[in-house]
Every structure is written in structure tokens, then in C-alpha cells.
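Have a look at the structure below before the remarks.
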Amino acid sequence: MLGICRGRRKFLAASLTVLFVPAITWIYLFAGSFEDGKPVSLSPLESQPHSPRYTASSQRERESLEVRVREVEEENRVLRRQLSLAQGRGHRRGNHSKTYSMEEGTGDSESLRAGIVAGNSSECGQQPAVEKCETIHVAIVCAGYNASRDVVTLVKSVLFHRRNPLHFHLIADAIAKQILATLFQTWMVPAVRIDFYDADELKSEVSWIPNKHYSGIYGLMKLVLTKTLPSNLERVIVLDTDITFATDIAELWAVFHKFKGQQVLGLVENQSDWYLGNLWKNHRPWPALGRGYNTGVILLLLDKLRKMKWEQMWRLTAERELMSMLSTSLADQDIFNAVIKQNPFLVYQLPCFWNVQLSDHTRSEQCYRDVSDLKVIHWNSPKKLRVKNKHVEFFRNLYLTFLEYDGNLLRRELFGCPSEADVNSENLQKQLSELDEDDLCYEFRRERFTVHRTHLYFLHYEYEPASDNTDVTLVAQLSMDRLQMLEAICKHWEGPISLALYLSDAEAQQFLRYAQGSEVLMSRHNVGYHIVYKEGQFYPVNLLRNVAMKHISTPYMFLSDIDFLPMYGLYEYLRKSVIQLDLANTKKALIVPAFETLRYRLSFPKSKAELLSMLDMGTLFTFRYHVWTKGHAPTNFAKWRTATTPYRVEWEADFEPYVVVRKDCPEYDRRFVGFGWNKVAHIMELDAQEYEFTVLPNAYMIHMPHAPSFDITKFRSNKQYRICLKTLKEEFQQDMSRHYGFAALKYLTAENNS
């Protein structure tokens, strides 16, 4: 575009030169060649001397002026040739722009000319239409788990290209609000503000409109944005969740300045034949102007729409059309088009590259000649990435780029633009500034304050806890290398599960494909998958546990690990134990004894008797008996072999059993990352809070073999890692003493004696 502007400037300069240089030259000659008040005639017949006063010097002056005139005329010939070439290029550019103007008709000749200009990028010689730090407002309707995933990809594409502060207005249901509020709070992107509007409260505004579109009632909510968004908000870009940006959204925001007269809606023409009514026999679409308009991308002048009584306008139109159409097929788009049909002056037609619609049988290929022409891609087919298009592979790769792009890289400052004060960000900076970067354990300490981007409920979740208040959720955490355990756990535990997965953006998409391809996982709607995105060099095991614990909907939780398989029927057994041991009114931690096998293929014991037999045969062992006996020794496996009733055990140093507790139990301490002391510290705090440890006599879980984790390898091979872990242990014990007083001194004594 800059090259085009320079070309136009050269064109203008050349034109001015051709017009004015000869005039200036003749004026110069005319004014500078008077002799005694008599003007010099420029006729060749009068170029000879007529007076005796004519001198040799006057003759030389006249000859030099004539030479100068010939030079100027030669320069003019060169300029005319350049001008001719420039006009030829201008015609070729004009033809190119007309390929877009076919998609841009705006209803009258003046608007049509404006639309053609809009198709040629921006006008030259003007100041940028968007100020450097001007805030761009974007509204998105988002409801449910799938749409919440889609909107993240849209936001990534916008953030990748943007140079301006952004204010997202999200019309969201309760599910999307919970997911996206947590996501943006932990994403901490500078110069981005998020406001939520309750979509459920808006249902009554549009619920009277029957809608056959797969978007359901939420697909109608763009109609009420003038009423929903703040009254002082004058303009907004409205986007569907299946949009991908390939340019700076400020370019689209700048188009508002091209609206004229009563134009209040910026829309791209629909690129399919839907509104022409010829897709199949008896196809009867809603009324539309020509091909109609697609509402995946809308520019709304909210202030003018309110003055025009937009609410009344669309309602009256919808009521009239529904008398014959009975329902909408394309949700809000049908009603927008019916209104425009009656009021075509409302529309400023956007060039079609602002909404390249990738549904089957569209004319989207006419919207671009080259990759650089693309602005916005719209996956508006129910088939999404499987849609038919000649260039769909390119579009798919562009989409996948943002889908798997590391969102942490988008946390970049907008230099020169003041940001609103963010309390969370300021607190984080303060905490980090208090750390000593020369400390050999600095990275360990820093991890405690790292804010990890978190996407809750990555997949559909639907579960209502049992009404008897005995329900138990299995809580665990995992990374990509433990993904294969999910199906087995789901087969062993039929109750609700809360999992925190530590993944990169690309791994999250691999997990999504894995889960969607698994009949076992797709048949379970009571498993909450919470993605904690990778950042830093340590595995934040206790942060993951806390995320999984925080998002359970049952009164009790079973704190497990991903590489353990619970015995068949453990879920129902624990629910009965909760009642038997009055867990609701007592501070108890119910211990599920842990065993392990070294065999990758195990015939899982179906009863305690079968497990004891396998213990005696050496097929099973008590967990970590050969490398970390202290971790589970207090469970007293000898007593458990013959126990028929629950029995109490006392806390001992390094005790780390797997327990069932109420959901209000303390969180895990985040200072412990990777391998070492992450569960030990938690059990110690339960004991400090006077939890009673009770072993369940007929419960068990078995650890399945796997390759050593990267963190345990670092622990074993890195001396500094072990030194830092020891330092963190001592600091934790000191914190316990300060917090719990005299009762916590036993932890220091026990550690010294161990």
C-alpha cells in the first residue's frame, strides 16, 4: 500500500510539473527581458533587432534564454512520458480494484464509489485513521465448552497482529465465563481488557424467535448488542468465534471512518447462493438484498443505531417475516438481512476479503488473488476444517498455526501506550523483585510465583453430584507422557474425575485429538480436563494438584496420582466409608493403601484376597518398599492384611499416603516443584491441622510401571537440585513452626531424627 501511495504522489508531482513549469518559464522570460519598458516579442519574426540600441550583450542574453527554453521543453517531454506510464499503471490498478468492487456495491453511486476506494486499501495522503493508542472494541458471543476453545484461537490471531490496546466484550453463558475469566486472568496480556455480559439474562430478549441454526439461542444475541453493551460505547467490531485474522484488526477498525450518511452496519456480501434461493428445490430463504450479507464480521455504529431505534426496527421485521417463514435458518443473519432489504441505506459494504467465507459452494476464491490479500478467514461451515475449497490446505495451516501457537509469546507490551493498572501483575512484579537473582535456588523460588495460563474444562463436562452428599471426585495431574493412563483409570473409576494436564499449546491439541478419538473418554462427561500451559523449567506438580482440587463439584475428593489404578468398585466403597466414618463432621483423612507392580501387563486383582495372594507370590509389592520405605510404612501393611475395620495410624516423618478428604482441606505448597517432598509437605500440614489418619481395610490402589520422569532424573543427577530441595524443606518447616506454633516443633525433631 505504501508503494501505491508513493506512486500516486509521483503522479501528482508530475502533473503539477507539466502544468506549472512552462508557465513559470515564460513568466521568467517575459519579466526578465524588457528593454526600456518595451516587452520582448517571442515571435520568431521579431527575434531580430529593430533598434540601434540593440547590443551584442542583449543578443547573448537572448540566445542563453532560448537555450534554457529548449531544455525546459525537453524536460517537459520526459515528464509527459512518465505521466503516460503512470496513467497506464493506474488503469491496471483500477481494473484490479474492480474485482473487489463487484463484491462491494453499497446501494447508490456515491456509496459505490466509496466502496471501490475501500477495496483499494486506504486512501493516500491522509493521517492514519486509528491513533497509536486508540482502544479497539471487539464483541463476541460465546457459550459452552467448544466455543470457549474456538474463541481462544480467534483471540490469538488478533493478538498476534495487533498494535493497539484491545477491549473484548464477551457475551457469555456461565460456562464460558468461568473458563474465559480464568484464562484471561492467568494469561495476563498487557493492554487487553475483558468485560463479561451474562448471556443467560439475554435469552428472554430473543427466545421468542424459533431458530434452526446449530448455534441455538446464542446465535441470535448479536441482535441485542445495542441494548447489552455500555451506552457510552459508540462503535464495536462484532465477530463469530470461528474467525481467524490474518492482519491487524486496526485496519478493520479504520473502516468506520468511511461510513457516510445513515450507514451504521459494515458487512461483507454473503459468498454462497443461500439467499438466491437456488440451492435445492423449494428452497425458500429469508428476504435479502441480492446475495445478502454474512454476519460473521460486523461493524456496528452503536450510537447511531440506538438513535434509529434499532431494537424496534429488527423486532418489527422479525415478527412480520416469522408469520410466513416460521423460523430462522441462519439465526441473526436472516433478521439482519430482512432489515437491510427494507433499509439498504444502513449498509456500508465491506470488501469481501474482510470475511472470506469457507463454507461449501461459496465464491470465496473471488475475494483474493494472493496470500497478501487475505484479511479475515471465516470457517462458517458446520464441517469447519473439513470444508471443500481449492485453497483449504493453506487456510487450514494458517488456522493451525494460531491453534498451536504458544500463547505465552503474546504477553508483549505495547510500547508508548499506557496500560491500566493490573493489581495481579503489580503484585507479581513486587514478589519477583524481592527475590535474589544471585541465589543458586532462584529458579525454584521463582516458580512459586509463576502464573501459568490455565484453560479450565477443555472438554465438555456435565455432572450433577449425588444428592446424598457422599460423592467423591478422583483428583490427579499429568503431562503428555502419561496420557495412556486415562482410559484405564476411567474403566476403574466410574465416579467424577478432575484432572490437571501440563501441556504446551500444541500438546493440548494433540490431547484433544486423542480424547475425541477415544470411545472410552468420549463416553464420559464427568471428567473435568483442565489445561495448565507449560512455562518455566520445572514441572509444577503442586500447582496442578491445586487446580484439579479447586474445580471439583463434590463434597469429598480422593487425592491420587495418574499412574495409579484404583481397585474396581473403589468409588462406591469410598462413598459408603464417608458415611460410616462421619467424614462430614470430623477432620479425617482416609488412607487408601498403595501397592505396585513391575509388570506392564497385570491381571488386576478383583478382591483383597486376590491381592494378598499376589503379594505372597511376588507379583505385587507395597509401594516403594525397596526405594522409599518411609513414604508408606506408617500405613502398617502387616496390620492391613488382616484388618476388617478401619484403624487409625499416626503421622511419621516423610509419610505420604493417598487420602480421601473433604474439599475444604488445605492446598498443596507450591514451592515444591518437580520431584521431592510435594506430597510429604501436604500430609504434614494435614497433621498440623489435626486431621486423623484412618486406614481403610478393604481399599487398595496399584501403581503401574513407567519410564522415570524427567524430574526424578534431574533429582538423581543434579547435586544443586538436591541442595535446593533440602533448603526448601527447611524453609517450609520454619513456616510451619511460625504458623502452627509449639505443635509444629515435632516436625523439626522428626526430620532431624530421620
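The values are calculated or read from the model by the stated rules, or taken from the named source; none is laboratory data. The structure presented is a predicted model; accordingly, all values stated were derived computationally and were not measured. For neighbour counting, all protein chains shown are included, and Cβ atoms are generated from backbone atoms with ideal geometry for every residue, glycine included. Note: areas computed on protein heavy atoms with side chains; ligands, DNA, RNA excluded. Shrake-Rupley method; radii C 1.70, N 1.55, O 1.52, S 1.80 Å.
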Revision key, fill the gap. (1) open to solvent by less than 50 Å² (accessible area, probe 1.4 Å); (2) not in a loop (DSSP other than H, G, I, E, B) all hold for Lys630 apart from (1)
Review point. Exactly one of (1) over 17 Å from Pro496 (Cβ atoms); (2) open to solvent by 20 Å² or more (accessible area, probe 1.4 Å) is unmet by Leu544. Its number?
Key: (2)
Practice item. Mind telling me which of the residues Phe336, Phe345 ends up being closer than 18 Å to Asp273 by Cα and at pLDDT 90 or above? Key: Phe336
Review point. Here are some conditions: (1) of a type in the set (D, E, K, R); (2) part of a strand (DSSP E or B); (3) surrounded by 15 or more Cβ atoms within 10 Å (Cβ to Cβ). Glu251 meets all but one. Which one does it not meet?
Key: (2)
Check your understanding: Taking the stated definitions as given, is Leu503 without any contact (Cβ under 8 Å) to a residue 60 or more places away in the chain, within 31 Å of the chain's Cα centre (by Cα) and open to solvent by less than 40 Å² (accessible area, probe 1.4 Å)?
Key -> yes
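Tally time: how many residues in segment 722-747 are of a type in the set (Phe, Trp, Tyr) and within 18 Å of Lys679 (Cβ to Cβ)?
Let us first name the residues in segment 722-747 that are of a type in the set (Phe, Trp, Tyr), namely 732, 740, 742, 747.
Next cut, within 18 Å of Lys679 (Cβ to Cβ) only: 732, 747.
Residues in segment 722-747 being of a type in the set (Phe, Trp, Tyr) and within 18 Å of Lys679 (Cβ to Cβ): 2 in total.
Which one is nearest to Lys212 (Cα to Cα), of the residues in segment 302-325 that are of a type in the set (A, V, I, L, M) and open to solvent by less than 10 Å² (accessible area, probe 1.4 Å)?
Step one: of segment 302-325, the residues of a type in the set (A, V, I, L, M) are 302, 305, 308, 313, 316, 318, 322-323, 325.
Filter once more, keeping what is open to solvent by less than 10 Å² (accessible area, probe 1.4 Å): 302, 305, 318.
Numbers: Leu302: 28, Leu305: 27, Ala318: 15 Å.
Top of the filtered list is Ala318.
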Review point. Are any of the residues in segment 193-215 open to solvent by less than 40 Å² (accessible area, probe 1.4 Å) and basic (Lys, Arg)?
Key: no
Check your understanding: Does at least one position in segment 454-476 carry a residue that is open to solvent by 30 Å² or more (accessible area, probe 1.4 Å), within 26 Å of Leu410 (Cβ to Cβ) and either more than 31 Å from the chain's Cα centre (by Cα) or not hydrophobic (A, V, I, L, M, F, W, C) (or both)?
Key -> no
Study note, to complete from the structure: Selection from segment 608-625 of residues closer than 30 Å to Asp664 by Cα and surrounded by fewer than 18 Cβ atoms within 10 Å (Cβ to Cβ) yields Arg624
Review point. Which of the residues spanning segment 682-697 are among the hydrophobic types (A, V, I, L, M, F, W, C) and not in a helix (DSSP H, G or I)?
Key: Phe693, Val695, Leu696
Practice item. Starting from segment 726-746, take each residue that is within 14 Å of Asp687 (Cβ to Cβ) and list its partners that are among the charged types (D, E, K, R) and modelled with pLDDT under 85, counting only C-beta distances under 9 angstrom and pairs at least six apart or across chains. Key: Gln733/Glu751
Check your understanding: Is it the case that segment 309-329 has a residue that's within 16 Å of Leu267 (Cβ to Cβ) and assigned to a loop (DSSP other than H, G, I, E, B)?
Key -> no
Study note, to complete from the structure: Among Gly266, Gly261, the single one that is in contact (Cβ under 8 Å) with a residue 24 or more places away in the chain and surrounded by fewer than 17 Cβ atoms within 10 Å (Cβ to Cβ) is Gly261
Check your understanding: Taking segment 117-157 only, how many residues are under 12 Å from the mean Cα position of the chain (by Cα) and either of a type in the set (Ser, Thr, Tyr) or at pLDDT below 50 (or both)?
Key -> 3
Exercise for review: Tell me, please, whether a residue that is among the acidic types (Asp, Glu), within 18 Å of Ala338 (Cα to Cα) and either buried (at least 23 other Cβ atoms within 10 Å of the Cβ) or at pLDDT 95 or above (or both) can be found in segment 235-244.
Suggested key: no
Practice item. For segment 636-681, name all the residues that are surrounded by fewer than 16 Cβ atoms within 10 Å (Cβ to Cβ), in a helix (DSSP H, G or I) and among the charged types (D, E, K, R). Key: Lys639, Arg641
Check your understanding: Among the residues of segment 565-607 satisfying the criterion of being over 27 Å from Trp651 (Cβ atoms), under 42 Å from the mean Cα position of the chain (by Cα) and among the charged types (D, E, K, R), which is least open to solvent (accessible area, probe 1.4 Å)?
Key -> Glu572
Revision key, fill the gap. Considering segment 698-735, residues that are in a loop (DSSP other than H, G, I, E, B) and surrounded by fewer than 17 Cβ atoms within 10 Å (Cβ to Cβ), and then whichever is modelled with the highest pLDDT, we arrive at Pro705
Check your understanding: Of the residues that make up segment 330-342, is at least one more than 25 Å from Tyr214 (Cβ to Cβ) and surrounded by fewer than 22 Cβ atoms within 10 Å (Cβ to Cβ)?
Key -> yes
**Study point:** Candidates Met480, Met485, Met522, filtered to the one that is open to solvent by 60 Å² or more (accessible area, probe 1.4 Å), aliphatic (A, V, I, L, M) and within 28 Å of Arg149 (Cβ to Cβ)
**Key:** Met522
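One line per residue, one yes/no per condition, for (1) within 25 Å of Ile249 (Cβ to Cβ); (2) touching a residue at least 40 places away in the same chain (Cβ under 8 Å); (3) among the basic types (Lys, Arg); (4) out of contact with any strand residue (DSSP E or B) (no Cβ under 8 Å at 6 or more places or on another chain):
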{"residue": "Asn282", "(1), (2), (3), (4)": "no, no, no, yes"}
{"residue": "Thr317", "(1), (2), (3), (4)": "no, no, no, yes"}
{"residue": "Met325", "(1), (2), (3), (4)": "no, yes, no, yes"}
{"residue": "Asp332", "(1), (2), (3), (4)": "yes, yes, no, no"}
{"residue": "Ser359", "(1), (2), (3), (4)": "yes, yes, no, yes"}
Check your understanding: If we scan segment 224-234, do we find a residue that is of a type in the set (Lys, Arg), touching a helix residue (DSSP H, G or I) at 6+ places or on another chain (Cβ under 7 Å), touching a residue at least 60 places away in the same chain (Cβ under 8 Å) and over 23 Å from Thr153 (Cβ atoms)?
Key -> yes
